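The values are calculated or read from the model by the stated rules, or taken from the named source; none is laboratory data. The structure presented is a predicted model; accordingly, all values stated were derived computationally and were not measured. Cβ atoms come from the backbone with ideal geometry, glycine included; neighbour counts cover every protein chain shown.
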Amino acid sequence: MSNKLLKIEDLELSFKMYEGLSYVLKKINLELHKGEKVALVGESGSGKSVTTKLILGLLNQKNVTKKGKIIFNDKNILNLSQKEFKKIRGNNISIIFQDPIAALNPVFKIKDQFYEVNLNNKPMSKKESFFIASKALEKVSIRDPERVLESYPFQLSGGLAQRVVITMAMINKPELLLADEPSTALDVTIQNQALDLMHDLTQETNTAVLLITHNMGVVRKFAEKVYVIFRGVIVEEGTKDQVFKNPGHPYTKALLNSIPKLTNNQLPKFDEDSPDYAAIAKYTHR
Amino acid sequence: MIEVKNISKKFIIKSNIVQALDNISLKIEESDCFAIVGESGSGKTTLANIILGIYNQDNGEVWLEDSLLSSNRSLNLRKLIQFVQQNPMSTLNPKKTIYNTISLPLKIHKIVSNDKISDRVEKLLSYVGLDAEFMHRYPDTLSGGQKQRVAIARALASEPKVLILDEPTSALDVIVQSKVLNLLLNIKNKFNLTYIFITHDLSVVKNIANRVLVMNKGKIDEFGKTMEVFSRPKSDYTKTLIRAIPTVTDEEDEIKPK
Ligand SMILES: Nc1ncnc2c1ncn2[C@@H]1O[C@H](COP(=O)(O)OP(=O)(O)OP(=O)(O)O)[C@@H](O)[C@H]1O
Ligand SMILES: Nc1ncnc2c1ncn2[C@@H]1O[C@H](COP(=O)(O)OP(=O)(O)OP(=O)(O)O)[C@@H](O)[C@H]1O
Ligand SMILES: [Mg+2]
Ligand SMILES: [Mg+2]
């Protein structure tokens, strides 16, 4: 049995828009092994979230064209039917969506949304599900899980909603966890706990995590491998140390130079006219 | 500029009482970049909602200069304080194009004459680094960071005096973040605006705010000049918070409180 869990090969995506075709992913290649912690970082609008949507089979509108392969457990899943995707989504792959409030159903209480997720795992009573959910929420420092479970999404703070979504995504111990900005609404202490929980999951159940974030400090803390994406092109890949200590691509260098630092009192200045980073060849560390 | 006096607010969910704000008082001076940081669920967004008149407080008062602010306030007072909400994806109307979203405040507050609206929308989008092409798109075709920038452009449209920004750049890469924040600071200086900046990104706070308020469990934990709070934090909670900041260099870790 191979250790490879996910292999994305020459993945292309375009949307047909009013103004014409818009190419969003241009031959992306990316790999995750079982239990591996990989970060995908890069420009806003570069194609990170759509990549996760393709992995989950969520982009099926008429104006979408996709090419290439997404191989999950040795099987190309790019063009699976919705029925087959539904099986994978509940059990093998889960996602923490970028906007937690939007990810939750506004008209159901949190406890009912947990019930649905828990049923994916095994049949159980509502009471049992409430108990399981409440225990899991305590692990992300929620002091009053009963109140949170009895709430509707709009009654939660940004960070509470985000912790609910994180817990739901982890509760069934998926093989692959897609974490799209999982910690932006969390204060830094709870953020560390959330990262620790994701780390524990990789140790306990060999879950692989694809972490998408703009917070480079979080990447430095969590990831083993890093992919850098710019305008639909992977411009650099390497281990965390390689990318942070010896960035090779000019975009990665610009990115690292723009991080606001605790040692400064002023934001870093930015280049008004930056080069077309996408045209500069990909840098792969050996 | 803004004075908050003894504000309290609780919510009740099925016999559970949540004391979201517990007797909070603070003063925000004109042209402050006033940061509010702290525990998730400590009442930051609730405070913003009360200042804006979206929620009613249980106790206390909010003053904007010499006007007492209540939840039914005049259109003019409404225009003066604008809000960029925490979750731009769920706050943009999915049925409206970006053009309609941004032009609405221009029309309501009669900021420019009708024939100039389109130009102004384009200008506001350019402020946040989006081309005119975005005007005709709907929110669900935008990335997280693109929506966040639309929300900032919409808030700037009505030419407010006070801008409350709730996690305004969390969905932006650090390069775009630096552009947007520099731009917000330029606009602030140019029009003498006051910012209330709510965020979990303490490195950003260190670099842009002049004063910072740390909240914990509905109460004020610590308050002071940014430099002082970061170099000599007094409360244990603030120390814990600063120690937990994810950093990218060893030098940053060295200046954290022991
Ligand atoms: N349904 C859609 N129709 C048309 N264009 C789309 C659609 N969804 C996304 N896009 C475009 O595809 C590009 C990539 O979007 P995506 O959401 O993947 O960005 P991202 O890397 O996640 O950015 P962010 O960091 O801002 O969240 C963006 O330019 C976006 O405007
Ligand atoms: N409309 C509401 N109904 C019930 N409870 C609410 C409502 N709004 C907020 N709360 C609760 O009040 C508390 C404070 O929420 P608030 O949104 O102000 O926190 P916050 O400091 O902004 O947190 P975060 O950093 O997570 O966004 C939370 O426990 C939240 O669940
Ligand atoms: Mg995204
Ligand atoms: Mg909030």
Just the residues that are under 25 Å from the mean Cα position of the chain (by Cα), within 9 Å of ligand 2 (Cβ to nearest atom) and in a loop (DSSP other than H, G, I, E, B), please, taken from segment A:110-166. A:Tyr152, A:Leu156, A:Ser157
Name the single residue, out of those in segment B:135-155 being within 27 Å of B:Leu80 (Cα to Cα) and of a type in the set (A, V, I, L, M, F, W, C), that is surrounded by the most Cβ atoms within 10 Å (Cβ to Cβ). B:Ala151
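A quick yes/no check of all residues on (1) polar (S, T, N, Q); (2) more than 13 Å from every other protein chain (Cβ to nearest Cβ); (3) within 16 Å of ligand 2 (Cβ to nearest atom):
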site	(1), (2), (3)
B:Val37	no, no, yes
B:Ile50	no, yes, yes
B:Lys79	no, yes, no
B:Gln85	yes, no, yes
Out of the residues in segment A:32-43 that are at the interface with another protein chain (Cβ under 8 Å from one of its Cβ atoms) and under 14 Å from the mean Cα position of the chain (by Cα), state the one that is surrounded by the most Cβ atoms within 10 Å (Cβ to Cβ). A:Gly42
For segment A:85-102: of the residues being part of a helix (DSSP H, G or I) and either within 14 Å of another protein chain (Cβ to nearest Cβ) or touching a residue at least 60 places away in the same chain (Cβ under 8 Å) (or both), which is farthest from ligand 3 (Cβ to nearest atom)? A:Asn91
Among the residues of segment B:147-159, are any more than 10 Å from ligand 1 (Cβ to nearest atom) and in a loop (DSSP other than H, G, I, E, B)? yes
B:Ser170: among the polar types (S, T, N, Q) and within 16 Å of ligand 2 (Cβ to nearest atom), yes or no? yes
Look through segment A:178-213, keep the residues that are assigned to a strand (DSSP E or B) and facing chain B (nearest Cβ under 10 Å), and return whichever of them is nearest to ligand 2 (Cβ to nearest atom). A:Asp180
Can you list the helices (runs of 4 or more DSSP H) lying wholly within segment B:42-96 that have 1 or more residues being within 16 Å of ligand 1 (Cβ to nearest atom)? B:88-91
Does at least one position in segment A:64-74 carry a residue that is away from chain B (no Cβ under 14 Å) and not in a strand (DSSP E or B)? yes
If the requirement is being without any contact (Cβ under 8 Å) to a residue 60 or more places away in the chain and within 11 Å of chain A (Cβ to nearest Cβ), which of these qualifies: B:Asp236, B:Asp250? B:Asp250
Qualifying positions in segment B:132-151 - in contact with a helix residue (DSSP H, G or I) (Cβ under 7 Å, 6 or more places away or on another chain) and either farther than 23 Å from B:Glu167 by Cα or more than 11 Å from every other protein chain (Cβ to nearest Cβ) (or both): B:Ala132, B:Met135, B:His136, B:Arg137, B:Val150, B:Ala151
Suppose the filter is acidic (Asp, Glu), under 16 Å from B:Asn100 (Cβ atoms) and within 16 Å of ligand 1 (Cβ to nearest atom); does B:Glu122 pass it? no
Does segment B:169-189 include one or more residues that are of a type in the set (Asp, Glu) and buried (at least 22 other Cβ atoms within 10 Å of the Cβ)? yes
Out of A:His249, A:His199, report the one residue that is more than 25 Å from B:Ser40 (Cβ to Cβ), of a type outside the set (Ser, Thr, Tyr) and more than 16 Å from ligand 1 (Cβ to nearest atom). A:His249
Residue pairs meeting the criteria (Cβ under 7 Å; at least 6 apart or on separate chains; first free of Cβ contacts under 8 Å to residues at least 60 places away in the same chain, in segment A:241-266; second small (Gly, Ala, Ser) and surrounded by 18 or more Cβ atoms within 10 Å (Cβ to Cβ)): A:Ser258/B:Ser178; A:Pro260/B:Ser203; A:Lys261/B:Ser203; A:Leu262/B:Ser203
Does A:Asn105 qualify as being out of contact with any Gly (no Cβ under 9 Å at 6 or more places or on another chain) and either surrounded by 15 or more Cβ atoms within 10 Å (Cβ to Cβ) or in a strand (DSSP E or B) (or both)? no
(1) away from ligand 1 (no atom under 16 Å from the Cβ); (2) among the hydrophobic types (A, V, I, L, M, F, W, C); (3) under 16 Å from A:Leu177 (Cβ atoms): which one isn't true of A:Phe97, the others all being true? (1)
Which of the following residues is of a type in the set (A, V, I, L, M) and in a loop (DSSP other than H, G, I, E, B): A:Leu11, A:Leu58? A:Leu58
Quick check on segment B:3-27: of everything there that is in contact with a Leu (Cβ under 9 Å, 6 or more places away or on another chain) and of a type in the set (A, V, I, L, M), which residue is surrounded by the most Cβ atoms within 10 Å (Cβ to Cβ)? B:Leu21
Test for A:Gln82: is it surrounded by fewer than 18 Cβ atoms within 10 Å (Cβ to Cβ) and polar (S, T, N, Q): yes
Give just the number: which of (1) within 13 Å of chain A (Cβ to nearest Cβ); (2) out of contact with any Gly (no Cβ under 7 Å at 6 or more places or on another chain); (3) at pLDDT 95 or above does B:Pro257 not satisfy? (3)
If A:Gln82 satisfies every condition in (1) within 16 Å of ligand 3 (Cβ to nearest atom); (2) more than 12 Å from every other protein chain (Cβ to nearest Cβ); (3) modelled with pLDDT under 95 but one, which is the exception? (1)
Determine which member of the set B:Asn207, B:Asn216 is in contact with a Pro (Cβ under 6 Å, 6 or more places away or on another chain) and under 26 Å from B:Glu29 (Cβ atoms). B:Asn207
